[in-house]
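K.L.:
Attaching a single structure in structure tokens format; questions to follow.
The values are calculated or read from the model by the stated rules, or taken from the named source; none is laboratory data. For clarity, every value in this text was computed on a predicted model and none was experimentally measured. Virtual Cβ from ideal backbone geometry, glycine too; neighbours counted across all protein chains shown. Side chains included, ligands, DNA and RNA excluded: accessible areas come from the protein's heavy atoms. Shrake-Rupley method; radii C 1.70, N 1.55, O 1.52, S 1.80 Å.
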Amino acid sequence: MIVELKSNAKINLGLNIVGKAENGYHLLDMVMVPISLADNLSIDFKEIKGNLKIETNMKDVPVGKDNIISKVYKEFYRETGLEKQMIEVYLKKNIPSQAGLGGGSSNGAFFFNALNKYYGNPINFQRAVEITKEVGADIPFFLLNKPSRVEGIGENLGVIENNIKDKIILIKPDFGVSTVVAYKNYAKLEDKKDADIDKIIEGMKSGNLDDLENYLENHLEQGLLLEDKNIIEFRKKLEKLGKNQDMKFHMSGSGSCYYTFVGKDNIDQIYDEIKTTMEGCRVEICSFL
Ligand SMILES: C[C@](O)(CO)[C@H](O)COP(=O)(O)OP(=O)(O)OC[C@H]1O[C@@H](n2ccc(N)nc2=O)[C@H](O)[C@@H]1O
Ligand SMILES: Nc1ncnc2c1ncn2[C@@H]1O[C@H](COP(=O)(O)OP(=O)(O)OP(=O)(O)O)[C@@H](O)[C@H]1O
């Protein structure tokens with residue numbers, strides 16, 4: 001039996017670090033929203049005893065035990081005690097890695113839900129969050145895959161209403177950011193600018209971007225701007241472009257991808273402007289799901 005899925009990405013609208021857990025992970029208060037940019041995940045359940053086989057179009061994505069899908073496969077069979085089945089996965093990547101767009105975590109979550117569903121959902125949602133959050137902190141968000149206020153290390157989800165109709169233009173530079181480094185950099189930050197998560201949620205509900213855009217802050221970006229030369233340079237280029245075009249740019253998650261909101265009527269002009277100015281970047285128009 002073959003299941004074909006679109007494993008979508010996310011962007012963060014505001015990200016505050018509010019503490020540290022005993023296991024060294026940071027406690028967060030942030031908003032995450034699913035977007036239309038997606039990988040294609042094809043899962044072929046062979047219905048015989050065996051193991052997992054992953055193929056992908058991207059050479060820098062591991063296909064063995066380091067792939068997040070393999071980790072989820074292992075966790076699922078450990079938790080259920082079921083006999084491992086031969087499953088062949090073809091992962092057509094479209095979401096860039098180390099971008100802050102949740103690509104790997106999304107793949108893990110969509111694979112988990114498909115595997116769980118195949119066996120008649122032996123693992124309930126809360127338990128699924130529990131066993132996947134250490135595999136990837138963003139997996140719980142993608143298990144639900146709805147606009148959410150996300151707290152804890154990423155496991156406490158509160159669904160929120162999103163009425164923003166604007167499109168999103170993603171600008172991904174040709175370098176990545178390691179999430180571990182982004183969190184380490186945060187520790188060096190003295191005076192932080194906090195996102196106002198309540199105001200962001202109000203603005204998403206009202207659907208009025210002006211109500212929320214000034215409250216979008218990202219502690220991880222602020223930490224990276226202390227010393228990550230790539231991000232510092234990139235941010236400067238975006239600020240120059242932003243001044244000319246009256247646009248605001250925001251970093252998603254731990255970066256390196258930034259995004260800006262754009263109304264439908266001038267999207268082509270803005271897209272062309274960004275595409276020509278920001279050479280070497282991947283520029284994608286997408287929408288909230
Ligand atoms: C930045 C976010 O993407 C927000 O959306 C997530 O917090 C990070 O999610 P992620 O990239 O899936 O991160 P993981 O691969 O689970 O963890 C990578 C590393 O980031 C650090 N990490 C991650 C999540 C978290 N709440 N606190 C952390 O300190 C830990 O050192 C962890 O070993
Ligand atoms: N299914 C997968 N897709 C992409 N990368 C994967 C996958 N499995 C493991 N990886 C490895 O994990 C690293 C992080 O992948 P990615 O950045 O897409 O995941 P993420 O942590 O969920 O997203 P991000 O931190 O960018 O928001 C990649 O550089 C890659 O080496």
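K.L.:
Hey, got the dipole for the chain? About the Cα centre, +1 on K and R Cβ, -1 on D and E Cβ, debye to the nearest 20?
P.N.:
On the way: 38 positive and 43 negative charges, 156 e Å.
With Lys and Arg at +1 and Asp and Glu at -1, about 740 debye.
K.L.:
Let me ask you something else. Under 13 Å from the Cβ of S148, count the other residues' Cβ atoms, weight Lys and Arg +1, Asp and Glu -1, and hand me the total.
P.N.:
Neighbour charge sum, excluding S148 itself: -2.
K.L.:
Here's something else I'd like to know. When the accessible area of segment 167-286 is split by element with a 1.4 Å probe, what percent falls to carbon and sulfur? Provide the component values of the computation, followed by the final result.
P.N.:
Values: 2820 of 6130 Å².
Reported share for carbon and sulfur atoms: 46 percent.
K.L.:
Another one. Order M32, M58 by their accessible area, 1.4 angstrom probe, all chains in place, largest first.
P.N.:
Details: M32 0, M58 80 Å².
Of M32, M58, the descending order of accessible area is M58, M32.
K.L.:
Continuing with the same structure: Would you mind getting the accessible area per residue of segment 2-159, heavy atoms of the protein chains only, 1.4 Å probe, in Å²?
P.N.:
Values: 6900 Å² over 158 residues.
Ligands and nucleic acids excluded, the result is 44 Å² per residue.
K.L.:
Please get the size of the charge dipole for segment 167-286, origin at its Cα centre, with Cβ charges of +1 on Lys and Arg and -1 on Asp and Glu, quoted in debye to the nearest 20.
P.N.:
340
K.L.:
Per DSSP helix of 4 or more residues, -39500 (n - 2.57); summed, then divided by the residues of the chain. What does that give at 222 nm, rounded to the nearest 500? Working shown, then result.
P.N.:
Details: 9 runs with 98 residues, N = 289.
Computed mean residue ellipticity for the chain: -10000 deg cm²/dmol.
K.L.:
How large is the accessible surface per residue of segment 167-286, computed with a 1.4 Å probe and reported in Å² as a whole number? Kindly include the intermediate steps, with their values, before the conclusion.
P.N.:
Details: 6130 Å² over 120 residues.
Result: 51 Å² of accessible area for each residue.
K.L.:
Using per-residue counts of other Cβ atoms within 10 Å, averaged over each peptide, order 118-131, 246-259 from highest down.
P.N.:
Values: 118-131: 14.0, 246-259: 22.9.
Those peptides, ordered most packed to least, come out 246-259, 118-131.
K.L.:
What percentage of the solvent-accessible surface of segment 2-159, computed with a 1.4 Å probe over protein heavy atoms, is contributed by carbon and sulfur atoms? Could you put the intermediate results ahead of the total?
P.N.:
On the way: 3410 of 6900 Å².
Roughly 49 percent, rounded to a whole number.
K.L.:
In the structure displayed, which of K46/K117; K10/K93; K10/K193; K10/K243; K10/K172; K10/K275 lie more than 18 Å apart, Cα to Cα?
P.N.:
On the way: K46/K117 15 Å; K10/K93 15 Å; K10/K193 22 Å; K10/K243 26 Å; K10/K172 14 Å; K10/K275 21 Å.
Those over the limit are K10/K193; K10/K243; K10/K275.
K.L.:
Would you compute, for the Cα atoms of segment 2-159, the largest minus smallest coordinate along each principal axis and list the three values in descending order, in whole Å?
P.N.:
Here the Cα extents, ordered largest to smallest, are 47, 32, 26 Å.
K.L.:
Too long at a 29 Å Cα-Cα cut-off: which of K71/K167; K6/K240; K6/K53; K6/K237?
P.N.:
On the way: K71/K167 34 Å; K6/K240 35 Å; K6/K53 19 Å; K6/K237 33 Å.
Listed pairs above 29 Å: K71/K167; K6/K240; K6/K237.
K.L.:
When the Debye formula is applied to the Cα atoms of the chain, each taken as the same point scatterer, what base-10 log of I(q)/I(0) results at q = 0.07, 0.15 Å⁻¹?
P.N.:
Summing over Cα pairs of the chain leads to -0.26, -1.17.
K.L.:
Given M278, S178, A195, which one lies farthest toward the positive end of the charge dipole of segment 167-286, if we put +1 on the Cβ of every Lys and Arg and -1 on the Cβ of every Asp and Glu?
P.N.:
Highest projection toward the positive end goes to S178.
K.L.:
Within 12 Å, Cβ to Cβ, of K243, how many net charges do the neighbouring residues add up to if Lys/Arg are +1 and Asp/Glu are -1?
P.N.:
Details: positive: K236, K237, K240, K248; negative: E239, D246.
Surrounding charge for K243 is +2.
K.L.:
Given the pairs K184/K205; K65/K146; K133/K236, which span a C-alpha to C-alpha distance of over 31 angstrom in this model? Could the numbers behind the result be given before it?
P.N.:
Numbers: K184/K205 33 Å; K65/K146 29 Å; K133/K236 34 Å.
From K184/K205; K65/K146; K133/K236, over 31 Å: K184/K205; K133/K236.
K.L.:
Between beta-carbons, use under 13 Å as the cut-off and find the net charge around K188, counting Lys and Arg +1, Asp and Glu -1. Display every interim value, and only then the final one.
P.N.:
On the way: positive: K184, K192; negative: E190, D191, E227, D228.
Net charge in that neighbourhood comes out at -2.
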